[in-house]
Amino acid sequence: MRSRFFLVAVLLSIVLPASQSSAATAIVRDGSTIQLGNVTYRLDGIDVPTVDQFCIDERADNWTCGIEARDQLTKLIGGKQIRCDDLGPDPTYKKRRIGVCKVEGETTSLSQLLVRNGFALNVEASASGRFKPDEARARDDRQGLWKGCFVAPREFRAGKKDGPLLGASCRADRDREIRDVLFPEELVMPAGCNIKGKHAVRARITGNEGIYHLQGCRSYPGLKPDRWFCSEEQAQADGFRRAYNCRSPSKGK
C-alpha cells in the first residue's frame, strides 16, 4: 500500500497542471493568435487561415477567408476579458505560447467555437480528436469555410498547391481553375501587412520554409510574394527567416 501511494506521489510530481493567465483584454493578431499583456498565445488544437489566405465562396467568388477568420475571432471575444491555460511554448516558435483560451466566465474554448463556426480545422490526428465532431457538423452544415472551397491552412502556408480541396463547392471538373484562384500569381496585400514572404529552397538549409523581406530590404521592390505577413513575429512563427540584406526597422532602412 505504501508503495502505491509513493507511485501516485511521483506521478503527481511529474504531471504538472497548466498555469492559468489572469483575465485580460486580448489583442487579436490573426484567426488563431491573441496577445494578453506581454504574452502571445496560439490557440490550442486548431488550424486557421492566416490573413493572406484566399478561399472560394458558394457563388464561386474568391474571398479573404483569412481576414474573415480573424474578424470572427474578434467577434467571439466581443471585447470581453480572456483567460488562457498556458500549455507551454509553441513547438514551431518558442517566443509564443500554446493556450486553451476562453472568454471570462464561459466554458467553451475559443478554439472549439472557431471550429463550430467553420473557420478552423481540428488538427488532432486521433479518431477521438476533441474537435472532430464540431468539424464534422460544420462541414455538414456548410458553415464558414465549408460553404465554399479551400485548402487546409497548413498547406496554404507551405505553398502546397496540389493538396486536397475541401468544402461543399469544390468541383472536380474545375480543379485547375480553383487552384489558380486559391494560389494566385500575385497575392493582394492585406491592410497593414506589408512584409513579403517568399518560399525558398535555400532557406530550408537552416530549417526554414522561406525568407521574408521588409520594406527596407534591397530585395523588396519588385518581389512577388508567396505570403504576406503583418509582423516579423508572424513571419518567424510560420517558418520564415529575415532576408540577409534587410535591416531591422528600429535600426533604420
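The values are calculated or read from the model by the stated rules, or taken from the named source; none is laboratory data. If you're wondering where the values come from, they're calculated on a predicted model, not measured in any experiment. Every residue, glycine as well, gets a Cβ built from its backbone with ideal geometry; the counts of neighbours run over all protein chains shown. With ligands, DNA and RNA removed, areas are computed over all heavy atoms of the protein, side chains included. Shrake-Rupley method; radii C 1.70, N 1.55, O 1.52, S 1.80 Å.
Summary of computed values
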| read-out | value |
| --- | --- |
| Using alpha-carbon coordinates, inclination of helix 65-77 to the longest axis of the chain, degrees | 30 degrees |
| In Hz, Karplus ³J(HN,Hα) per residue of region 203-214 (6.51, -1.76, 1.60; θ = phi - 60°; x = Gly, Pro) | 5, 6, 4, 9, x, 10, 7, x, 10, 10, 10, 8 |
| Cα gyration tensor shape for region 23-155, rounded if a/c is under 1.5, else prolate or oblate | prolate |
| GLN215/VAL188 FRET efficiency (R0 25 Å; Cβ-Cβ; nearest 0.05) | 0.90 |
| Fraction of accessible area attributable to carbon and sulfur, region 32-101 (%, probe 1.4 Å) | 47 percent |
| Lysines whose Cα lies under 23 Å from that of LYS160, excluding same-chain neighbours fewer than 8 positions away | LYS147, LYS196, LYS198, LYS224 |
| For GLN81, distant residues with modelled amide H under 5 Å away | GLU104 |
| The chain: angle of helix 2-14 to the longest principal axis, Cα-based, in degrees nearest 10 | 30 degrees |
| Environment charge of THR108, counting only residues whose C-beta is closer than 12 Å and scoring Lys/Arg +1, Asp/Glu -1 | +1 |
| Environment charge of THR206, counting only residues whose C-beta is closer than 13 Å and scoring Lys/Arg +1, Asp/Glu -1 | +3 |
| Size descriptor, Kirkwood hydrodynamic radius, that averages inverse alpha-carbon separations across region 99-198, Å | 15.4 Å |
| Rounded if a/c under 1.5, otherwise prolate or oblate - the chain, Cα gyration tensor axes | oblate |
| Protein-only accessible surface order, largest first, of SER109, SER22 at 1.4 Å | SER22, SER109 |
| Residue-averaged 222 nm ellipticity for the chain, from DSSP H runs of 4+ at -39500 (n - 2.57), nearest 500 | -6500 deg cm²/dmol |
| Gained length - VAL39 relative to ASP57, 0.36 nm times residue gap less alpha-carbon distance | 3.0 nm |
| FRET efficiency, TYR244 to ASP173 (Cβ-Cβ, R0 35 Å, nearest 0.05) | 0.20 |
| Accessible area in square angstrom per residue, region 17-128, 1.4 angstrom probe | 45 Å² |
| Portion, in percent, of the accessible area of region 140-216 that falls on carbon or sulfur, probe 1.4 Å | 45 percent |
